[in-house]
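Asks: Handing you this structure, nothing more for now.
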Amino acid sequence: MAGLPLPDDAANPALAAQYAAARAREGKVMAILRSLGPRADLVEAFVSLVEATFGAEGALTVRERELLAVAASEANGADYSTAVHSELLAREGGARDTPRDAAMIAFARRLTLIPREGAEATAALRELLSDDEVYDAIAVVGLLNLANRAALATGITVGDDL
């Protein structure tokens, strides 16, 4: 890690409650939650956004959302998120050699690396996906860019999961 201490259960009671909820949900406190710092309200909001973005309801399949997460994380060089989401993608059946998967990967990379080309990236994705699916893709890539920034800024690794 780059020297910024990650909060633990002793940080404050509200944060301890968020970490306890994470342990109940995941069996551990993932380092990505710890990388958000000591504000329990930010952790709670992030968890809610993750649940909404990756939950069962959505136009894209869970596999497709994980594919987007891996592509955005790889583009950012965010090893923590790449590792976490690669494992989840593998559980969902992995990437497929299809035009649809290729379009989603290209979209995630372009929106991540050249955000000012977002409208063009969206237009290209709409050639293969419905508007609802494109909105899901935007949400996944946006969320992963937030998470990747926190992961990279704090230097977390999967070894920082508690």
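The values are calculated or read from the model by the stated rules, or taken from the named source; none is laboratory data. If you're wondering where the values come from, they're calculated on a predicted model, not measured in any experiment. Positions of Cβ are generated from backbone atoms using ideal geometry, with glycine treated the same way; all protein chains shown enter the neighbour counts.
Asks: Residues T122, T53: which one is among the hydroxyl-bearing types (S, T, Y), assigned to a helix (DSSP H, G or I) and without any contact (Cβ under 8 Å) to a residue 24 or more places away in the chain? Spell out how you get there, then give the answer.
Replies: Numbers: T53 fails: without any contact (Cβ under 8 Å) to a residue 24 or more places away in the chain.
Answer to the selection: T122.
Asks: I need the full set of residues from the stretch 10-30 which are touching a residue at least 60 places away in the same chain (Cβ under 8 Å) and either in a loop (DSSP other than H, G, I, E, B) or closer than 15 Å to L146 by Cβ (or both), in order please.
Replies: Answer for the stretch 10-30, where residues must be touching a residue at least 60 places away in the same chain (Cβ under 8 Å) and either in a loop (DSSP other than H, G, I, E, B) or closer than 15 Å to L146 by Cβ (or both): K28, V29, M30.
Asks: May I ask you to verify whether T53 is under 14 Å from L144 (Cβ atoms) and touching an Asp or Glu at 6+ places or on another chain (Cβ under 9 Å)? Break it down into steps so the answer makes sense when it comes.
Replies: Details: under 14 Å from L144 (Cβ atoms): yes; touching an Asp or Glu at 6+ places or on another chain (Cβ under 9 Å): yes.
Considered against the rule, which asks whether it is under 14 Å from L144 (Cβ atoms) and touching an Asp or Glu at 6+ places or on another chain (Cβ under 9 Å), T53 comes out as yes.
Asks: If I go through the stretch 31-43 residue by residue, how many of them are in a helix (DSSP H, G or I), under 11 Å from Y80 (Cβ atoms) and of a type in the set (G, A, S)?
Replies: 1
Asks: So in the stretch 34-77, with the set limited to residues that are β-branched (V, I, T) and either more than 13 Å from the chain's Cα centre (by Cα) or closer than 24 Å to Y19 by Cβ (or both), which one is surrounded by the most Cβ atoms within 10 Å (Cβ to Cβ)?
Replies: First, pick out the residues of the stretch 34-77 that are β-branched (V, I, T): 43, 47, 50, 53, 61-62, 70.
Filter again for either more than 13 Å from the chain's Cα centre (by Cα) or closer than 24 Å to Y19 by Cβ (or both), leaving 43, 47, 50, 53, 61.
On the way: V43: 25, V47: 18, V50: 15, T53: 18, T61: 13.
Step by step, filter the stretch 34-77, then rank; the result is V43.
Asks: When you check A153 against the structure, is it surrounded by 14 or more Cβ atoms within 10 Å (Cβ to Cβ) and either touching a residue at least 24 places away in the same chain (Cβ under 8 Å) or not acidic (D, E) (or both), yes or no? Break it down into steps so the answer makes sense when it comes.
Replies: Details: surrounded by 14 or more Cβ atoms within 10 Å (Cβ to Cβ): no; either touching a residue at least 24 places away in the same chain (Cβ under 8 Å) or not acidic (D, E) (or both): yes.
So A153 fails the test.
Asks: In the stretch 94-104, is there at least one residue being surrounded by 18 or more Cβ atoms within 10 Å (Cβ to Cβ), part of a helix (DSSP H, G or I) and without any contact (Cβ under 8 Å) to a residue 40 or more places away in the chain?
Replies: From the stretch 94-104, those surrounded by 18 or more Cβ atoms within 10 Å (Cβ to Cβ) are 95, 101, 103-104; that's our starting set.
Then drop every residue that is not part of a helix (DSSP H, G or I), which leaves 101, 103-104.
Those still in the list that are without any contact (Cβ under 8 Å) to a residue 40 or more places away in the chain too: 101, 103.
Yes, that holds for at least one residue.
Asks: I'm checking my understanding of the structure. Among residues of the stretch 134-162 that are hydroxyl-bearing (S, T, Y) and assigned to a helix (DSSP H, G or I), which one is modelled with the highest pLDDT?
Replies: Here the residue is Y135.
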